[in-house]
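Trainee: For reference, the structure I am asking about is given below.
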Amino acid sequence: MLTANKKVDKLLTLYLPLTMLLSFTIFPIYWTINTAFKPEGDIIKRPLQYLPVNPTTENFVTAWTNVGFATFFKNSLIVGVSTVLVVLICSTLSGYALSRYQFKGKRSFMIMLLCTQFIPRAMMIIPLFVIFKNLGLISNPLSLIITYTAIEIPFTTILMSGFISNVPKELEEAAMIDGCSKLQSLRHVVFPLLLPGIVATGVFTFIYTWNEFLIALMLTNQQSKFTLPVGLSTMLGEFSINYGALAAGSVIALIPAVILFAYAQKHLVNGMGGAVKG
Amino acid sequence: MSLSQGVTETVINSEKTVKRKNIKKDRWVPYLFILPSFLIILGFLFYPIATVFYYSVQHYDVSAPYYNGFAGLENFKEIFTNDKMFIPSLINSLKWVVTEVGLQLVFGMILALLLNQTFKFRGLVRAVAFIPWAISGVLASTMWSLMFNEHMGVLNDLLMKLGIIDEPQAFLASTSTAFTSVIIAELWRGIPFFAITLLASLSSIPNELYEAAKVDGASRWKSFIYVTLPQLKNTIVLTTLLRVVWEFNNVDLLFNLTGGGPAHSTTTLTMYIADLAVHGSNFGYGSALTVVSFGILLVFAILYLKLSRYEKE
């Protein structure tokens, strides 16, 4: 009797609400994938098909070649990978300085990093446009790489300095006593221990650049330079929307973000949760 | 707070490891290390923000350059006395932020409480539940537009099957449903943020507290109110503040699902600014609006932290 009660209790307080919330989460993703695999004529046909009756990949071909998702994908990849590289180099250096050195102005630098977190990003689109117009970098991936780097560095610096502080300084010193140079000890001792942290930082930076919209929209006015969000948005704003291609384009944009997220989500819960904890 | 905590930790750590020797020799090393980050932040975060303040007191219209020049407070005067969009968009911002953050907090809390229990495949379920966090605003917009659509939208189909509506609705095109529709789509994307942060705090509450409450005969609801909530207070205060700022500034879904319409019914203050910036040319006026919205956020943040007695018992 008691166990039966327990089962009912668990059903009501766990499985039922969890199923409802998960369905809410999954449904739009399922519907997008479902739409992406339907031939154009079947998409608006009633009764609606909850699974594609005549599954096809023609929408993906249309999105990739005709609409230009191959280009958008490539542009997003260029911006994402470059930003990740620059951010990792800058924030590892500054994180190392914050974690291992005591120097004048350190506190001010940290307060400066802190302040940046309260700057509304939407506040920056007008001045950024003017700056990059003057530099002649509108519709140039460099403008996005620089801006995203500036936006990401404060958080990743703090993140990296935390990771570096977790690597015992004694290890580094021991390596140097054993005859390693400073650089060698960094490369052979610190770097391997730091690698998981570097990967997590890189993944979060990449997801941010992959998803950012407003700044990319403001700084790009040639279709050949669109990133995925700008491309999707333009498609969504068109007068007669090709829903199959839109769904397929969405799936194309979705896959890398979800794969990277699945890989790094453990770090996310620990890192982000730990970071926000009061 | 992410940074403040990191800052204190790092300060403590580095004080522990004050250099024994070589202090003189590599005094310049840390400066060299932070130099790239410092320059990028200065040039592409602080400088743009400074120019917003500068432009806000200028006439600066790229389509009417002959008129450009110092404007004093004219832009601001225009906002508060003549702009018919300002007050309605401010009200929409208030509606947007309060409903979004409120609902995200409630559902995020429920999700976190559920995911904190032990059950099979918990790791996988957590990963799936958090997926919307990694999905962009634009992508969420395309996905939900496929759901809301009048002709092929599954939502109409489901609601008609349930007998709630008789004929397909254009949810995003009607003033009575557009705002709610965008709210739902943004809620979908926002729940994981609260679930993730609250889950991390939940798992750090010592089990003894719950056991003690149980001994005292507290019901599950009571132990939530008297044990869980007080333990989560600082996390809740901080995450809601961050989220208010974030949602106030977030226009991705509004921009892509409704474009602020129909009849400006979904135009928030930030949406109004974004629209001026992207489609308009009067950068001086847009900058003045930006400064006003920045001021509003700043006042809110200070009041909120004061009133919530953050980090005080």
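The values are calculated or read from the model by the stated rules, or taken from the named source; none is laboratory data. Here the structure is a predicted model, which means the values were calculated and not measured. Don't worry about glycine lacking a Cβ; one is built from the backbone with ideal geometry, like all the others, and counts go over all protein chains shown. Calculation scope for accessible area: heavy atoms of the full protein, side chains included, ligands and nucleic acids excluded. Shrake-Rupley method; radii C 1.70, N 1.55, O 1.52, S 1.80 Å.
Trainee: I'm checking my understanding of the structure. Among residues of the range B:230-239 that are within 14 Å of B:Gly108 (Cα to Cα) and more than 8 Å from every other protein chain (Cβ to nearest Cβ), which one is most open to solvent (accessible area, probe 1.4 Å)?
Mentor: Out of the qualifying residues, it is B:Ile236.
Trainee: Still on this structure, please answer the following. Only residues that are exposed (fewer than 13 other Cβ atoms within 10 Å of the Cβ) and in contact (Cβ under 8 Å) with a residue 12 or more places away in the chain: list them for the range A:172-195, please.
Mentor: A:His188 - this is the single residue of the range A:172-195 that is exposed (fewer than 13 other Cβ atoms within 10 Å of the Cβ) and in contact (Cβ under 8 Å) with a residue 12 or more places away in the chain.
Trainee: Then there is this: Taking A:Leu77, is it hydrophobic (A, V, I, L, M, F, W, C) and within 14 Å of chain B (Cβ to nearest Cβ)? Explain how you work it out, then say what you get.
Mentor: Values: hydrophobic (A, V, I, L, M, F, W, C): yes; within 14 Å of chain B (Cβ to nearest Cβ): no.
Spelling it out, it is not the case that A:Leu77 is hydrophobic (A, V, I, L, M, F, W, C) and within 14 Å of chain B (Cβ to nearest Cβ).
Trainee: Can you name the residue in the range B:157-181 that is away from chain A (no Cβ under 14 Å) and within 15 Å of B:Gly260 (Cβ to Cβ) and is also surrounded by the most Cβ atoms within 10 Å (Cβ to Cβ) among such residues?
Mentor: Going through the qualifying residues, I end up with B:Ala178.
Trainee: Under the condition of being of a type in the set (Ser, Thr, Tyr) and open to solvent by less than 20 Å² (accessible area, probe 1.4 Å), which residue from the range A:204-225 is farthest from A:Ala122 (Cα to Cα)?
Mentor: First, the residues of the range A:204-225 that are of a type in the set (Ser, Thr, Tyr): A:205, A:208-209, A:220, A:224.
Subsequent filtering for residues that are open to solvent by less than 20 Å² (accessible area, probe 1.4 Å) retains A:205, A:209, A:220.
Details: A:Thr205: 19, A:Thr209: 15, A:Thr220: 16 Å.
For the range A:204-225, the residue satisfying everything is A:Thr205.
Trainee: Given the conditions (1) open to solvent by 20 Å² or more (accessible area, probe 1.4 Å); (2) at pLDDT below 90, report the number of the one that B:Gly153 does not fulfil.
Mentor: Going through the list (1) open to solvent by 20 Å² or more (accessible area, probe 1.4 Å); (2) at pLDDT below 90, B:Gly153 breaks only (1).
Trainee: Search the range B:24-49 for residues that are farther than 12 Å from A:Leu93 by Cβ and free of Cβ contacts under 8 Å to residues at least 60 places away in the same chain and pair each with any residue that is of a type in the set (Val, Ile, Thr) and part of a loop (DSSP other than H, G, I, E, B) when their beta-carbon atoms are under 7 Å apart and the residues are at least 6 apart or on different chains.
Mentor: Pairs that qualify, where the first residue is farther than 12 Å from A:Leu93 by Cβ and free of Cβ contacts under 8 Å to residues at least 60 places away in the same chain and the partner is of a type in the set (Val, Ile, Thr) and part of a loop (DSSP other than H, G, I, E, B), are B:Leu45/A:Ile119; B:Ile49/A:Ile119.
Trainee: Picking from B:Gly259, B:Gly190, which residue would you name as being open to solvent by 30 Å² or more (accessible area, probe 1.4 Å), closer than 27 Å to B:Leu289 by Cα and within 13 Å of chain A (Cβ to nearest Cβ)? Give the derivation first.
Mentor: On the way: B:Gly190 fails: open to solvent by 30 Å² or more (accessible area, probe 1.4 Å).
Exactly one of B:Gly259, B:Gly190 is open to solvent by 30 Å² or more (accessible area, probe 1.4 Å), closer than 27 Å to B:Leu289 by Cα and within 13 Å of chain A (Cβ to nearest Cβ), namely B:Gly259.
Trainee: Quick one: in the range A:94-128, which of the residues that are of a type in the set (D, E, K, R) and more than 7 Å from chain B (Cβ to nearest Cβ) is least open to solvent (accessible area, probe 1.4 Å)?
Mentor: The first filter runs over the range A:94-128 and keeps only residues of a type in the set (D, E, K, R), leaving A:100, A:104, A:106-107, A:121.
Pick out the ones that are also more than 7 Å from chain B (Cβ to nearest Cβ) and you get A:104, A:106-107.
Numbers: A:Lys104: 173, A:Lys106: 8, A:Arg107: 147 Å².
Once the filter is applied, the top-ranked residue is A:Lys106.
Trainee: Moving to a separate point now. What about B:Phe70, is it at pLDDT 95 or above and more than 17 Å from the chain's Cα centre (by Cα)?
Mentor: Values: at pLDDT 95 or above: no; more than 17 Å from the chain's Cα centre (by Cα): yes.
No, not satisfied.
Trainee: So in the range A:217-229, with the set limited to residues that are closer than 13 Å to A:Ser139 by Cα and in contact with a Gly (Cβ under 9 Å, 6 or more places away or on another chain), which one is nearest to the other protein chains (Cβ to nearest Cβ)?
Mentor: Ranking the qualifying residues of the range A:217-229, first place goes to A:Thr227.
Trainee: Something else about it: Could you tell me whether B:Leu242 is under 26 Å from A:Gln117 (Cβ atoms), surrounded by 18 or more Cβ atoms within 10 Å (Cβ to Cβ) and over 19 Å from the mean Cα position of the chain (by Cα)? Spell out the reasoning first.
Mentor: On the way: under 26 Å from A:Gln117 (Cβ atoms): yes; surrounded by 18 or more Cβ atoms within 10 Å (Cβ to Cβ): yes; over 19 Å from the mean Cα position of the chain (by Cα): no.
When the stated conditions are applied, B:Leu242 does not pass them.
Trainee: Sticking with this one: Are any residues in the range A:60-70 in contact (Cβ under 8 Å) with a residue 40 or more places away in the chain and touching a Phe, Trp or Tyr at 6+ places or on another chain (Cβ under 7 Å), and if so, which ones? If you could, list the steps in order and put the result at the bottom.
Mentor: If we filter the range A:60-70 for residues that are in contact (Cβ under 8 Å) with a residue 40 or more places away in the chain, which is where we start, we get A:60, A:62-64, A:66-69.
Within the range A:60-70, just A:Ala63 meets the criteria.
Trainee: Taking into account only those residues within the range A:230-250 that are in a helix (DSSP H, G or I) and touching a Gly at 6+ places or on another chain (Cβ under 8 Å), which is surrounded by the fewest Cβ atoms within 10 Å (Cβ to Cβ)? Walk me through how you get there before you give the answer.
Mentor: Initially, the range A:230-250 is screened for residues in a helix (DSSP H, G or I), giving A:230-236, A:243-250.
Filter once more, so that each one left must be touching a Gly at 6+ places or on another chain (Cβ under 8 Å): A:231-232, A:235, A:249.
On the way: A:Gly231: 26, A:Leu232: 27, A:Met235: 23, A:Gly249: 30.
Filtering the range A:230-250 for residues that are in a helix (DSSP H, G or I) and touching a Gly at 6+ places or on another chain (Cβ under 8 Å), the one surrounded by the fewest Cβ atoms within 10 Å (Cβ to Cβ) comes out as A:Met235.
Trainee: Since A:Val276 meets every condition but one in (1) in contact with a Leu (Cβ under 7 Å, 6 or more places away or on another chain); (2) modelled with pLDDT of 90 or more, which condition does it not meet?
Mentor: Here A:Val276 meets the rest and fails (2).
Trainee: Condition first: of a type in the set (S, T, N, Q) and either assigned to a loop (DSSP other than H, G, I, E, B) or open to solvent by 50 Å² or more (accessible area, probe 1.4 Å) (or both). Now tell me which residues in the range A:26-49 satisfy that. Lay out the reasoning, then the answer.
Mentor: We begin by selecting, within the range A:26-49, every residue of a type in the set (S, T, N, Q); these are A:32, A:34-35, A:49.
Matches in the range A:26-49: A:Gln49 only.
Trainee: Give the residue that is farthest from B:Met147 (Cα to Cα), with candidates limited to residues of the range A:1-22 that are open to solvent by 60 Å² or more (accessible area, probe 1.4 Å) and within 34 Å of the chain's Cα centre (by Cα).
Mentor: Pass one, the range A:1-22, residues open to solvent by 60 Å² or more (accessible area, probe 1.4 Å): A:1-3, A:5-12, A:15-16, A:19-20.
Right, trim to within 34 Å of the chain's Cα centre (by Cα) and you get A:15-16, A:19-20.
Values: A:Tyr15: 26, A:Leu16: 24, A:Thr19: 20, A:Met20: 17 Å.
It comes out as A:Tyr15.
Trainee: Now, a different point. For residues in the range A:138-149 being touching a residue at least 24 places away in the same chain (Cβ under 8 Å) and hydrophobic (A, V, I, L, M, F, W, C), which is surrounded by the fewest Cβ atoms within 10 Å (Cβ to Cβ)? Walk me through how you get there before you give the answer.
Mentor: Of the residues in the range A:138-149, the ones touching a residue at least 24 places away in the same chain (Cβ under 8 Å) are A:138-141, A:143-145, A:147-149.
Of the ones still in play, those that are also hydrophobic (A, V, I, L, M, F, W, C) are A:138, A:144-145.
On the way: A:Ile138: 16, A:Leu144: 28, A:Ile145: 22.
Among residues in the range A:138-149 that are touching a residue at least 24 places away in the same chain (Cβ under 8 Å) and hydrophobic (A, V, I, L, M, F, W, C), the one surrounded by the fewest Cβ atoms within 10 Å (Cβ to Cβ) is A:Ile138.
Trainee: List pairs: first in the range B:179-204 and of a type in the set (A, V, I, L, M), second part of a loop (DSSP other than H, G, I, E, B) and open to solvent by 10 Å² or more (accessible area, probe 1.4 Å), Cβ under 8 Å, 6+ apart or cross-chain?
Mentor: B:Val182/B:Leu172; B:Leu199/B:Asn116; B:Ala200/A:Lys277; B:Leu202/B:Asn116
Trainee: Among the numbered criteria (1) of a type outside the set (D, E, K, R); (2) at pLDDT 95 or above; (3) surrounded by fewer than 19 Cβ atoms within 10 Å (Cβ to Cβ), which single criterion is violated by B:Met109?
Mentor: Every condition holds for B:Met109 apart from (3).
Trainee: Let me ask something additional. Among the numbered criteria (1) in contact with a Lys or Arg (Cβ under 7 Å, 6 or more places away or on another chain); (2) more than 10 Å from every other protein chain (Cβ to nearest Cβ); (3) of a type in the set (Val, Ile, Thr), which single criterion is violated by B:Ile302?
Mentor: The number of the failed condition is (1).
Trainee: Right, something else. Among the residues of the range B:92-151 satisfying the criterion of being more than 7 Å from chain A (Cβ to nearest Cβ) and assigned to a loop (DSSP other than H, G, I, E, B), which is nearest to B:Asp252 (Cα to Cα)?
Mentor: So the residue we want is B:Asn149.
Trainee: Right, another one. May I ask you to list pairs of residues, at least six apart or on different chains, whose Cβ atoms are under 6 Å apart, with the first in the range B:157-174 being without any contact (Cβ under 8 Å) to a residue 12 or more places away in the chain and the second being loosely packed, with under 15 Cβ neighbours inside 10 Å?
Mentor: B:Leu159/B:Ile165
Trainee: Residue by residue through the range B:193-227, note down the ones that are buried (at least 17 other Cβ atoms within 10 Å of the Cβ) and within 14 Å of chain A (Cβ to nearest Cβ).
Mentor: Going residue by residue through the range B:193-227, those that are buried (at least 17 other Cβ atoms within 10 Å of the Cβ) are B:193-202, B:213, B:223, B:227.
Scanning the range B:193-227 gives B:Phe193, B:Phe194, B:Ala195, B:Ile196, B:Thr197, B:Leu198, B:Leu199, B:Ala200, B:Ser201, B:Leu202, B:Ser223.
Trainee: Now a separate question. When only residues in the range B:262-301 that are of a type in the set (Phe, Trp, Tyr) and open to solvent by 10 Å² or more (accessible area, probe 1.4 Å) count, which is nearest to B:Pro192 (Cα to Cα)? Working first, answer last.
Mentor: We begin by selecting, within the range B:262-301, every residue of a type in the set (Phe, Trp, Tyr); these are B:272, B:283, B:285, B:294, B:300.
Still in the running and open to solvent by 10 Å² or more (accessible area, probe 1.4 Å): B:272, B:285, B:294, B:300.
Numbers: B:Tyr272: 27, B:Tyr285: 36, B:Phe294: 26, B:Phe300: 24 Å.
Going through the qualifying residues, I end up with B:Phe300.
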